[in-house]
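The values are calculated or read from the model by the stated rules, or taken from the named source; none is laboratory data. In this text, all values refer to a predicted model and were calculated from it rather than measured experimentally. Cβ sites come from the backbone with ideal geometry, for glycine too, and all protein chains shown count toward neighbours. Calculation scope for accessible area: heavy atoms of the full protein, side chains included, ligands and nucleic acids excluded. Shrake-Rupley method; radii C 1.70, N 1.55, O 1.52, S 1.80 Å.
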Amino acid sequence: YMEYLVKAQDYLKLKIKDTYRLAHSYRVANIGKEIAEKEGLNVEDLIIACLLHDVSYCTPFKTQDEWQNHGRVSSKMVRTFLESIDYPKERIHDICYAIAIHVDLKADFDGEYNAFTLSVQEADNINRVGAYRLYETLEAAQFSKQSIDVQIKYVDLMLQTLNEYASYECTTKTAQTLWLDRIQFQKNYFERLKDQLKISTAL
């Protein structure tokens, strides 16, 4: 069990030099691990699929289409890697299919949508609404440098988006619980932030 995970981590570190992408991959893998353990899915397979889902980031994307295709490119890379370490052949297909579809639910080979293959995308999505991404989003928007009026409008937009996200349905009960927990956390944060902003200009 650990032998293959160690090899997968070594492969990821060899390919990915971007510290953010590496940290992102570990976060998604840990979410995938929790989903697999609670849902009775193959833990090792899902950890590896999540860990390596973005391995194609080792090559730059020059266009939006190239980025859109990065799941399918990662899938090809992972298949080559898993075959090179003699990973059980009957398990490679679903790992690669899960990686291929994680961006847009499209693959360039046949496979099945099921709890396992959809969990990579869902673990990735759950990570996107976590505490770190909240911080990163505010930083990217240069939130602290904006006027209070602009900040309030931004918060309102985020709350609207989060309300829309709350209707998203995950494949497994565990993923759904993790998803809604993080959505609620962000909603609570932005609601409190808005309350503070509203009392920031006058008595």
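Side notes on the structure shown:
- Sorting W67, W179 by accessible area puts them as W67, W179; the probe is 1.4 Å, largest comes first, and only protein heavy atoms count.
- Restricting the stretch 39-112 to trypsin sites (Lys or Arg not before Pro) that sit in a DSSP loop and have at most 10 other Cβ atoms within 10 Å of their own Cβ leaves K62.
- With protein chains left intact and a 1.4 Å probe, residues in the stretch 41-180 average 50 Å² of accessible area per residue.
- Across the chain, the longest piece that holds none of the GluC sites (Glu not before Pro) lying in DSSP loops with up to 12 other C-beta atoms within 10 Å covers 1-111.
- Cα-Cα pairs of the chain separated by more than 30 Å (percent): 28 percent
- The value of relative contact order for the stretch 11-125, using C-alpha pairs under 8 Å at least six residues apart, is 27 percent.
- For the chain, the relative contact order is 19 percent, taking Cα pairs closer than 8 Å that sit 6 or more residues apart in sequence and dividing their mean separation by the residue count.
- Between 0 and 90°, nearest 10: helix 173-198 axis offset from the chain longest Cα axis: 20 degrees
- Helix 115-128 and the longest principal axis of the Cα set of the chain meet at an angle near 30°.
- Cross-link reach list, lysines versus K187, counting only Cα pairs under 28 Å and skipping chain neighbours closer than eight places: K33, K38, K145, K153, K173, K198
- Computed over the chain with a Gaussian network model linking Cα atoms closer than 10 Å, the most mobile of A107, A36, A140 is A140.
- Choice from F81, F116, F143 with maximal GNM fluctuation in the chain (Cα, 10 Å cutoff): F143
- Springs between Cα atoms under 10 Å define the GNM used for the chain, and in it the highest mean-square fluctuation of V155, V129, V78 occurs at V155.
- In degrees, nearest ten, helix 131-140 long axis to first principal axis of the chain (Cα): 60 degrees
- Gyration tensor verdict on the stretch 1-91 (Cα atoms; rounded if a/c is under 1.5, prolate if a/b is larger than b/c, oblate otherwise): prolate
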